[in-house]
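Asker: Okay, handing you the structure first.
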Amino acid sequence: MSSVRKVPNLDGAIVISYGDPAYIGRHTLYPERSPVDQLELIHRLVRADGWALSASSSSLAELLPLVVSVVGPNKRGRTATHRVGAWVRPDPPPTTEPTYAWEPVIFKAARLPHLHTLDWLRASHKGARPGLVGAKPVAFYTWLLALLGWRNGDRLDEVFPGTSLLSDMVRQLALPLSVRKGAS
């Protein structure tokens, strides 16, 4: 297991880091057209108190061993170093057969999530801001923040802002925010 240096937390706020990069093998659909260094991204995400990485179901076999190589194997019980949640889309676009109808989210909560937060969400893709492949709807981000144990005063490090919907939600709540482009 490699060592991971935590983000300094000088004011007591919890830092939440979220990555929604171009999915493995799908980078040509994005303006940058270059693949993301997933290991580097995971190293950056796990420095925060809580973190999440959106992925495709077909990339889990590649991503989970990378996560384990950085954070170590999961422990049983409430001290898990990471888990996998699912965003289930009831109205997925018919892209392939079988149709991709869910997207995994590899995550580690910063603190216990809000009461009765499930590790899966069934929400329509409708409502996502247009203009970017992989854009997420407000319901997804609301679930994600609850899943990670977000509280007023926490800070967000959104590594791939995309349509900036999550960043805009956080700004509307008047919470501290750190938005950076790319994984470097």
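Each reported figure results from applying straightforward, stated rules to the coordinates on display, with no laboratory input. On a predicted model such as this, the values are computed, not experimentally measured, just so you know. All Cβ positions, glycine included, derive from the backbone under ideal geometry; neighbour counts span all protein chains shown.
Asker: In whole Hz and in residue order, list the ³J(HN,Hα) couplings for segment 140-151 that follow from phi through the Karplus curve 6.51 cos²θ - 1.76 cosθ + 1.60, θ = phi - 60°; x for Gly and Pro.
Answerer: 4, 5, 4, 4, 4, 4, 5, 4, 7, x, 4, 9
Asker: On to the next question. Using modelled backbone amide H atoms (1.01 Å from N, in-plane), which distant-in-sequence or interchain residues come within less than 5 Å of residue 81's amide H?
Answerer: For residue 81, whose amide H was placed from the backbone, the distant partners under 5 Å are 75.
Asker: Moving on to the next point. Packing-wise, with mean Cβ within 10 Å as the measure, how do 56-69, 135-148, 91-104 rank, highest first?
Answerer: Working: 56-69: 15.1, 135-148: 20.5, 91-104: 11.7.
Result, highest mean Cβ count within 10 Å first: 135-148, 56-69, 91-104.
Asker: Report the FRET efficiency, 1/(1 + (r/R0)^6), for residue 151 and residue 81, where r is their Cβ-Cβ distance and R0 is 22 Å, rounded to 0.05. Write down the numbers at each step before the final one.
Answerer: On the way: r = 21 Å, r/R0 = 0.96.
Using R0 = 22 Å, I get an efficiency of 0.55.
Asker: Give me, ordered by chain and number, the residues 5 or more places off residue 155 or on other chains with an amide H under 5 Å from its own placed amide H.
Answerer: Distant-sequence amide H within range of residue 155: 14, 15, 16.
Asker: Also, quick follow-up: Would you please give the residues with an amide H less than 5 Å from that of residue 86, counting only those at least 5 places away or on a separate chain, with H modeled from the backbone geometry?
Answerer: Result for residue 86 returns 105, 120, 121.
Asker: Can you compute 3J(HN,Hα) from phi for each residue in segment 35-49, using the Karplus curve 6.51 cos²θ - 1.76 cosθ + 1.60 with θ = phi - 60°, rounded to whole Hz and x for Gly and Pro?
Answerer: Karplus values, whole Hz, x for Gly and Pro: x, 8, 6, 5, 5, 4, 4, 4, 4, 5, 4, 6, 5, 7, 5.
Asker: Report the local net charge at residue 145: Lys and Arg +1, Asp and Glu -1, summed over other residues whose C-beta lies under 15 Å from its C-beta.
Answerer: Details: positive: 108, 111, 136, 151, 155, 171; negative: 20, 49, 119, 154, 157, 158, 168.
Its environment carries a net charge of -1.
Asker: Once phi is turned into ³J(HN,Hα) by the Karplus curve 6.51 cos²θ - 1.76 cosθ + 1.60 with θ = phi - 60°, what whole-Hz value does each residue of segment 121-126 show in order, with x for glycine and proline?
Answerer: After applying 6.51 cos²θ - 1.76 cosθ + 1.60, I find 9, 9, 8, 5, 6, 4 Hz.
Asker: Separate question: At 7 Å along Cα-to-Cβ for each site, give me the label-to-label distance between residue 122 and residue 37 in nm.
Answerer: So the two model labels end up 4.2 nm from each other.
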